[in-house]
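Worksheet: the structure to be examined is printed underneath.
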Amino acid sequence: ISLIVYVIYETCLVMYYTHYRKKQNGSGTFYLISALSILPLVIVKLSPAMVGHNSLLGFLGISYLTFRAVGTVIETRDGMIKEISPWKFIRFILFMPTITSGPIDRYQRFEKDYQKVPSRDEYLQLVSKGIFYLFLGFLYKFVIGYFFGQRFYPYFERLTLAEHDPFSWHMLGVMYTYGFYLFFDFAGYSLFAVAISYFMGVKSPMNFKQPFKSKNIKEFWNRWHISLSFWFRDYIFMRFVFMATKKRWFKNRNALSSTAYMLNMVLMGFWHGITWYYILYGFLHGIALVVNDWWLHYKRKHLKKLPHNKFTTGVAIFITFNFVMFTFLIFSGFLDTFFFNNH
């Protein structure tokens, strides 16, 4: 019932704004519709913190549906979407393979695929790729992800809790096994979603692209949960930068980009949940993006002769990988459990 009410609500908002946009283009209405569109998600995220239990509005996948709905409103504002019917919007937002955990598609890209009937050879290629992604997803989620999540992680978790030492080697075991479990479980599910959408003739975007090979944190977010990170980049980061530049809020470009990075990543932390470890996770990644930009600027200006070879690339990958794994340990909430149990 919650899902049905939610979809009707979002559809009414999108249809109203589409009709309004044909005649006017007021910013106030755009911001109001965007706020109303995201309101159910805000209620769901705030409910546990405010009233101690989950909201009745909550259902699996509300975050991803909300991102699609808000994205549609924004693209309508930008003039990228000229016409959209209630049925087309519902078909987009409730696309079965990606309804619960993404990837987060864009209306224009989805509709283009949906309307195009592939040739026999094109469809056979899609099916071939879909079968490969299906088996790879099975390997990721139900074999590798199973061992990391159900065997290795609980083993290190139990030993770490028994030792009462946050700096033990077993804590590193918790950190790495959780990080690998998170990747293989989520990447496996995403591959399932992409595979099934390929069978239906829709090329849903890939969500992961070998993220642990990233040489810096910015590259990591171009490879990790790609549809989410690009959504935040396009609709939060870039729009904040554009608005701040237009209104001249900052005199220094570095201050502007740093503020935009922090806003972007802290909001992403809040999106995961109103808990200190999710918010700290977003905050640390924001700081890392700021430091990364500073380092690249400093290196171009003062360290032009710094060697660039396989060794330095390996060092960069090692640093990025371990930073990401440390933040995943925070993200897991294990430290909250650890310190609570020990006090």
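Quick notes on this one:
- Projected over every direction and averaged, the convex hull enclosing the alpha-carbon atoms of the stretch 187-343 yields 13.2 nm².
- The residues packed around Tyr181, meaning those with a beta-carbon under 12 Å from its beta-carbon, carry a net charge of 0 if Lys and Arg are +1 and Asp and Glu are -1.
- Remark: accessible surface ordering of Leu289, Leu3 (largest first) is Leu3, Leu289, probe radius 1.4 Å.
- Between 0 and 90 degrees, the angle of helix 253-272 with respect to the longest Cα principal axis of the chain falls at about 90 degrees.
- Dipole-positive endmost among Asn322, Asn309, Phe220 within the stretch 184-343 (Cβ charges, Cα centre): Asn309
- Relative contact order (%) - criterion: Cα under 8 Å, at least six apart; region: the stretch 105-217: 40
- Cα-based convex hull, the stretch 303-343, per residue volume (Å³, whole number): 81
- Helix 238-247 and the long axis of the chain differ in direction by around 80°, with both axes built from C-alpha atoms.
- Computed over neighbours whose Cβ is under 13 Å from that of Val202, the net charge equals +3, Lys and Arg +1, Asp and Glu -1.
- Take every Cα pair under 8 Å whose residues are at least 6 apart in sequence, average their separation, divide by the length of the chain, and the relative contact order is 15 percent.
- Counting only alpha carbon atoms, the long axis of helix 120-138 and the longest principal axis of the chain meet at about 40°.
- Protection proxy ranking, peptides 103-115, 187-199, average beta carbon neighbours within 10 Å, highest first: 187-199, 103-115
- Normalised by 2.2 N^0.38 Å, with N the number of residues, the alpha-carbon radius of gyration of the chain equals 1.08.
- Using the Cβ of Gly145 as centre and a radius below 15 Å, the other residues enclosed give a net charge of +1, where K and R count +1 and D and E count -1.
- The equivalent ellipsoid that matches the C-alpha gyration tensor of the stretch 114-252 spans semi-axes of 33, 29, 10 angstrom, in descending order.
- What the phi angles of the stretch 12-23 give under the Karplus curve with 6.51, -1.76 and 1.60, with θ = phi - 60°, is a coupling list of 4, 5, 5, 5, 4, 5, 4, 5, 5, 5, 5, 9 Hz, glycine and proline written as x.
- Taking 7 Å steps out from each Cα toward its Cβ at Leu280 and His302 produces label points 3.1 nm apart.
- Residue ranges 25-34, 143-152 sort as 143-152, 25-34 when ordered by packing (mean number of other C-beta atoms within 10 Å per residue, highest first).
- Computed [θ] at 222 nm, helices only, for the chain once each DSSP H run of length n ≥ 4 contributes -39500 (n - 2.57): -23500 deg cm²/dmol
- Accessible area per residue, Å², the stretch 215-316 with all protein chains present, probe 1.4 Å: 62
- Our coupling estimate for the stretch 198-213, obtained by passing each phi through the Karplus curve with A = 6.51, B = -1.76, C = 1.60 and θ = phi - 60°, is 4, 4, 8, x, 10, 8, 4, x, 6, 9, 9, 9, 6, x, 7, 9 Hz, Gly and Pro reported as x.
- Partner lysines whose Cα lies under 19 Å from the Cα of Lys116, excluding those fewer than 8 positions away in the same chain, are identified as Lys82, Lys88, Lys129, Lys203.
- Size of electric dipole in the stretch 20-134: Cβ of Lys, Arg +1 and of Asp, Glu -1, about Cα centre, debye, nearest 20: 280
The values are calculated or read from the model by the stated rules, or taken from the named source; none is laboratory data. Here the structure is a predicted model, which is why all the values come from computation and not from measurement. For neighbour counting, all protein chains shown are included, and Cβ atoms are generated from backbone atoms with ideal geometry for every residue, glycine included. Areas reflect the complete protein model, heavy atoms only, side chains present, ligands, DNA and RNA absent. Shrake-Rupley method; radii C 1.70, N 1.55, O 1.52, S 1.80 Å.
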